[in-house]
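Below is one structure, written out as structure tokens; the observations come after it.
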Amino acid sequence: MVKVNLKKLFFFVSPILIFILRAFYDKKYLKGRWFDNHYLGYVWAFKSIFHNNILRLGKPMPWPTIYSCTVYNSEKIKFDINDLNNFQSKGVYFQNYFGNITIGNGVYIAPNVGIITSNHDLQNLDNHNQADDVIIGDKCWIGMNVVILPGVCLPTGTIVAAGAVVTKSFADENCIIGGSPAKIIKSTSRS
């Protein structure tokens, strides 16, 4: 009886899988920790093709996303390929028609987070105000059901408590913010 090492077999066929996936995704997103020495990136990619490209449950993107993740403008969002996991959380909403969203390295975004670069004009709700970029620093954790509003900059190591509404930028690194509107709850010392 022949024993097959599935892990070795999988990584032997991974170049073939990458070749297939390049028909759907930009090749720069098919590497990094989720594809190198890990199979989860391939699972996300094929599920995304099935849900977004075949069933049309979500919008096809240049990188794998869960069908319930909304990114309005893929050209106006910047993130590290090692953080592809942030587009696998259900209900994550990146409203960036005209503004840019920058997500630092090592950021974790929980389900149902909304990051918004432009609000409606209060005088005419059919229009949007001018967009303001949103910047999330490295090694931040954005908790479940958080809303981050236009123009917000979060420094390195910020933890945003679940359900917070972040209306302004913060300067202190390594802090926990929460509430509506969000304020500093505690400073932390993380490495």
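Values in this text are rule-based calculations from the coordinates and carry no lab data. Since the structure is predicted, the reported quantities are computational estimates derived from the model, not experimental observations. A quick note on method: Cβ atoms are made from the backbone with ideal geometry, for glycine too, and the neighbour counts reach across all protein chains shown.
A compact table of results
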item: Computed [θ] at 222 nm, deg cm²/dmol, the chain (DSSP H ≥ 4; -39,500 (n - 2.57); rounded to nearest 500); result: -4000 deg cm²/dmol
item: Region 49-111 - charge dipole about Cα centre, Lys and Arg +1 at Cβ, Asp and Glu -1, debye rounded to 20; result: 200
item: The chain: most fluctuating residue of Ser118, Ser180, Ser74 per GNM, C-alpha cutoff 10 Å; result: Ser180
item: Within a Gaussian network of the chain (alpha carbon springs, distance under 10 Å), most fluctuating of Val113, Val13, Val146; result: Val13
item: Nearest-0.05 FRET efficiency for Arg56 and Asn5, computed from C-beta distance (R0 30 Å); result: 0.20
item: Student exercise, region 1-67 dipole from Lys, Arg, Asp, Glu Cβ charges, in Debye to nearest 20; result: 80
item: Inter-site label distance for Lys78 and Arg33 at 7 Å from Cα along Cβ, in nm; result: 2.1
item: Volume of the Cα convex hull of the chain, divided per residue and given in Å³; result: 138
item: Student exercise, the chain dipole from Lys, Arg, Asp, Glu Cβ charges, in Debye to nearest 20; result: 940
